[in-house]
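Structure, as structure tokens:
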Amino acid sequence: MRTGHSAIIATIALAVSIVSASADLLPERVSGYEYFIGTPCTIDGQPATCDVEFAGWTGGGGQVADGWRAFPGNGQGTWTASVDYKGKPKFGGQVQLLDGSFKLLFADGQSVLGRVTGGTITWPDAGQSSICGMEVAVVSMNVRYRRGATGRGLFRGCLHDLPAGSVIPPEIWGKLTQ
């Protein structure tokens, strides 16, 4: 009986330590660039844009105006993301995030991986501000973690990509949370 009791306590202690280690990785602020605008595709019979690619580094101010930080940020890690959406990016408009994936890799070898499960990118009217700044879009992206964290989470951020050609490459920044 005593051996069984010890095994249960050891299992609980291990589970708590894994959850605690995962929780230590988030929240994480990030900055980076949109480096590929994607390609036209069809999702569920609807026109969409697939494989929009982003990459960057850890560090930044979160979902605030002027929250973007230049490379290497805080030097703690790098990230990539690929996203599919429907709708047309435009001032006063919104696109719906449909699918995608992301990887957040830390310098110490730890990582957070997951799927994009939905969300929106919303642009203010031309000449207007959002919480992210003048003519900067607000990103709200739902995620499901596969490694490094558990359950669902959220990326709240900012995307400065309009007017087209005014920010080369387009900048993205924000905060990934559990």
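The values are calculated or read from the model by the stated rules, or taken from the named source; none is laboratory data. For clarity, every value in this text was computed on a predicted model and none was experimentally measured. Note: ideal-geometry Cβ built from the backbone for every residue, glycine included; neighbour counts use all protein chains shown.
What is the residue count in the stretch 40-51 for residues that are of a type in the set (Ser, Thr, Tyr) and surrounded by 11 or more Cβ atoms within 10 Å (Cβ to Cβ)? Steps first, please.
Initially, the stretch 40-51 is screened for residues of a type in the set (Ser, Thr, Tyr), giving 42, 49.
Keeping just the survivors that are surrounded by 11 or more Cβ atoms within 10 Å (Cβ to Cβ) gives 49.
Summing the residues that are of a type in the set (Ser, Thr, Tyr) and surrounded by 11 or more Cβ atoms within 10 Å (Cβ to Cβ) in the stretch 40-51 gives 1.
Just to check your reading of the model, which residue among Lys90, Lys103 is assigned to a loop (DSSP other than H, G, I, E, B) and either at pLDDT 95 or above or within 25 Å of Val136 (Cβ to Cβ) (or both)? I'd like the intermediate steps shown before the answer.
Values: Lys103 fails: assigned to a loop (DSSP other than H, G, I, E, B).
Selected residue: Lys90, the only one of Lys90, Lys103 that is assigned to a loop (DSSP other than H, G, I, E, B) and either at pLDDT 95 or above or within 25 Å of Val136 (Cβ to Cβ) (or both).
If the requirement is being outside any strand (DSSP E or B), in contact with a Ser or Thr (Cβ under 6 Å, 6 or more places away or on another chain) and surrounded by 15 or more Cβ atoms within 10 Å (Cβ to Cβ), which of these qualifies: Gly73, Gly119?
The unique qualifying residue is Gly73.
Looking at Val112, Val52, Val30, can you tell me which residue is within 19 Å of Leu162 (Cβ to Cβ), under 18 Å from the mean Cα position of the chain (by Cα) and either modelled with pLDDT under 95 or part of a strand (DSSP E or B) (or both)? Spell out the reasoning first.
Values: Val112 fails: within 19 Å of Leu162 (Cβ to Cβ); Val30 fails: within 19 Å of Leu162 (Cβ to Cβ).
It is Val52.
Is there a residue being surrounded by 16 or more Cβ atoms within 10 Å (Cβ to Cβ), more than 25 Å from Leu25 (Cβ to Cβ), of a type outside the set (Val, Ile, Thr) and out of contact with any helix residue (DSSP H, G or I) (no Cβ under 7 Å at 6 or more places or on another chain) anywhere in the stretch 98-110?
yes
So, of the residues in the stretch 113-146 that are small (Gly, Ala, Ser) and without any contact (Cβ under 8 Å) to a residue 60 or more places away in the chain, which turns out to be nearest to Cys158 (Cα to Cα)?
Of the residues in the stretch 113-146, the ones small (Gly, Ala, Ser) are 114, 118-119, 126-127, 129-130, 133, 137, 140.
This time we only want the ones that are without any contact (Cβ under 8 Å) to a residue 60 or more places away in the chain, so: 114, 118-119, 126-127, 130, 137, 140.
Details: Gly114: 20, Gly118: 16, Gly119: 13, Ala126: 16, Gly127: 16, Ser130: 9, Ala137: 6, Ser140: 9 Å.
Step by step, filter the stretch 113-146, then rank; the result is Ala137.
Tell me, yes or no, whether the stretch 79-97 has at least one residue that is under 25 Å from Ala65 (Cβ atoms), under 10 Å from the mean Cα position of the chain (by Cα) and charged (D, E, K, R).
No - not one qualifying residue is present in the stretch 79-97.
Could you list, in sequence order, all residues of the stretch 76-97 that are loosely packed, with under 15 Cβ neighbours inside 10 Å and among the hydrophobic types (A, V, I, L, M, F, W, C)?
Phe91
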